[in-house]
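The values are calculated or read from the model by the stated rules, or taken from the named source; none is laboratory data. Computed from a prediction, not measured in an experiment: that's the story for all the values here. So basically every Cβ, Gly included, is an ideal-geometry build from the backbone, and we count neighbours across all protein chains shown. The protein model used for the area step is the full one, side chains on, heavy atoms only, and it has no ligands, DNA or RNA in it. Shrake-Rupley method; radii C 1.70, N 1.55, O 1.52, S 1.80 Å.
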Amino acid sequence: MHEYQEKYSVEYLEVKQRYKKIIHARDKDFASILNKLEGGVISVDDYVKFHENIRCRAENNLTVYHASKDFIKERDSVLGYTSYKNYLLGISLPFFGLVTSLILLYVIIKDVQDKNKKKFFLVITFALVSAWGYWVSWSNLYHTQDPKRPGDFPRSFYNAALYVLPIIFFFGSYFIIKSLKTIEDKVSIIIGIFYKAFYRDLQKENLVNPEKVDEFRIFRTRLTQKAVDNE
């Protein structure tokens, strides 16, 4: 996704062009008064005075330029990254690793039946989720702390969050997946009971005969409608 994002905004590129113009104008003025000095048009004292004026004017213009550039950079930045493009590039690999680790966690909880194997794989998955969770947290938090911002948390808070959040990622995901598995098991049991009852009643009504297709369809519709009405 980051390939389709612009690295710099239009305003930032426009401001960057001002730097070359300021330097070019300053050097041009320096060359002009130097030519006048060499041609005897102005004196040495005048040259020094003009040179100082040109230098001060260029420095003032550069000060305004740097302030404008810093303002636009701050406006374009995302969580400490210089642009949204760089943010996507920085977060993509850790996010991919975290999602892949969570998928692995889901597979282990769902499909691994042996308790010892499950414990072993859960330890490995905990390490993976914690490592990738750390980098996801780092990508989003590390550069956001600003001592100059009123009411901002201290650096130690951000450092602690880098270690706490990965643990929350793992155990939060673990209990959610366990809940989903429990719900899935219950649904499977309900579906199994439904189909057993369905085919039992089907045989009772003697509707398994291929010649009774129309009767079967009526029976199926009535049974489905009954299930819907009960809900």
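Please go through (1) over 30 Å from Gly90 (Cα atoms); (2) open to solvent by less than 100 Å² (accessible area, probe 1.4 Å); (3) at pLDDT 85 or above for Leu37 and return the number of the only condition it doesn't satisfy.
That leaves (3) as the condition not met.
Residues Phe71, Phe50, Phe30: which one is assigned to a helix (DSSP H, G or I), within 30 Å of Tyr158 (Cα to Cα) and of a type in the set (Phe, Trp, Tyr)?
Phe71
Assigned to a loop (DSSP other than H, G, I, E, B), touching a residue at least 40 places away in the same chain (Cβ under 8 Å) and out of contact with any Cys (no Cβ under 9 Å at 6 or more places or on another chain): is that true of Lys7 in this structure?
So Lys7 passes the test.
Every residue in segment 2-31 that is among the polar types (S, T, N, Q) and open to solvent by 50 Å² or more (accessible area, probe 1.4 Å), please.
Correct list: Gln5, Gln17.
Which is without any contact (Cβ under 8 Å) to a residue 40 or more places away in the chain, of a type in the set (A, V, I, L, M) and open to solvent by less than 40 Å² (accessible area, probe 1.4 Å), of Ile109, Ile54?
Selected residue: Ile54, the only one of Ile109, Ile54 that is without any contact (Cβ under 8 Å) to a residue 40 or more places away in the chain, of a type in the set (A, V, I, L, M) and open to solvent by less than 40 Å² (accessible area, probe 1.4 Å).
For the list (1) in contact (Cβ under 8 Å) with a residue 40 or more places away in the chain; (2) more than 22 Å from Lys178 (Cβ to Cβ), I need the number of the one condition that Ala67 fails.
That leaves (1) as the condition not met.
Given the residues Ser83, Ser137, which is the only one that is closer than 22 Å to Glu14 by Cβ, open to solvent by less than 40 Å² (accessible area, probe 1.4 Å) and touching a residue at least 12 places away in the same chain (Cβ under 8 Å)?
Checking each option against the conditions leaves just Ser83.
How many of the residues in segment 161-181 are of a type in the set (Gly, Ala, Ser) and surrounded by fewer than 17 Cβ atoms within 10 Å (Cβ to Cβ)?
Going through segment 161-181 one residue at a time, the tally reaches 2.
If you check Thr125 against the conditions, is it within 29 Å of Leu79 (Cα to Cα), assigned to a helix (DSSP H, G or I), open to solvent by 60 Å² or more (accessible area, probe 1.4 Å) and modelled with pLDDT of 90 or more?
Criteria not met by Thr125.
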